[in-house]
Amino acid sequence: MFLNSPFCKGYKRSSDLIRINTTKNNQPNPLFSRQLQSNTRMVSAEGASTLFPKAPKRAANAEGKPLKLYSNYFSIDFDSNNIQGVNKYTVKFEPEIPDNARAMRKEVLKKCRDAIKEKLEFFIDYGLCVFSLKKVAELPVYTAEHDSVNYTVTIEWVQVMEKTDRDHLNFLKIFFNSMMRSLKFEQIGQKSFNQSNAHNLDAHNIKVWPGFDSRLTMKESGVLLNIDVCFKVVRTDNCLNYMNDLRDKARGDS
């Protein structure tokens, strides 16, 4: 460890250091002492400059320089000036449907979907809320029958959501997921793959699915869309055939 220090710079072995450190009469070598003192002063100066670097000097009248930065985060805006934002509506069922009966709520609302579209046009339901780009102050009360029970569905307008609203992020997530499904993309986790446009590598018994890794994140200015290109490798043979192939190669059958 001592040979690796700057004090022993130029010496390869410990025997060299011992030989140079002493004279023939085993007296201290004055040349080695002077070199050691010189190396000590050098290390002290270098250590001070390394541990405590000087701050760069800047003139008082210096101006900043604009710098453009690019990333794969994209802001989401509406292409029409007539759309003020996403409108949030609350949904009430009578008789009341329990919170843990989410599938039942969807079935009841599904039977009113066509009637609701006549007023709101495009809309997305999420829990006890409905999101739409169209604002309707008053909506009629809808009725639906499910399991021999008649339900009344009341939809009331709440507000136009801000871009930093958490429900605005939920709306965009549901919208993008439904859009990927309509484009016949296979969703695996947060990633979507185009199975119909797969690249076949028959020599290796695999297929490569092209796709996207898209994520929506909330920032101070609103929701940003982050997109990366990704691929998924899928084997075309099953595990049994692969094991049999390995066995045949080990035997020398093929």
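What follows is calculated from the coordinates using simple rules that are stated; it is not laboratory data. Model, not experiment: these values are computed from the prediction. Reconstructed Cβ throughout: ideal geometry from the backbone, glycine too, with neighbour counts over all protein chains shown.
Structure summary
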| read-out | value |
| --- | --- |
| Translational diffusion of region 185-240, µm² s⁻¹ [Kirkwood Rh, Cα pairs; Stokes-Einstein; 25 °C; 0.890 mPa s] | 191 |
| Cut-off under 5 Å, modelled amide H: who pairs with Thr143 long-range | Val153 |
| Spherically averaged projected area of region 150-254 from its Cα convex hull (nm²) | 12.3 |
| Exposure proxy order (Cβ contacts within 10 Å, fewest to most) of Cys239, Cys112 | Cys239, Cys112 |
| Reachable aspartates and glutamates from Lys134, criterion Cα separation under 20 angstrom, eight or more residues apart if same chain | Asp77, Asp79, Asp114, Glu118, Glu121, Asp125, Glu156, Glu162, Asp165, Asp167 |
| Per-bin percent of Cα-Cα distances, region 87-160 [10 Å] | 20, 59, 21, 1 |
| Proximal lysines to Lys207, defined as alpha-carbon separation beneath 18 angstrom and excluding residues fewer than eight positions away on the same chain | Lys184, Lys191, Lys232 |
| Residue order, fewest to most surrounding Cβ atoms within 10 angstrom, among Val158, Val86 | Val158, Val86 |
| Cα-centre dipole for region 185-240 with unit charges at Cβ (Lys and Arg positive, Asp and Glu negative), debye to 20 | 60 |
| Ranking of Lys65, Lys163 by count of other Cβ atoms within 10 Å, fewest first | Lys65, Lys163 |
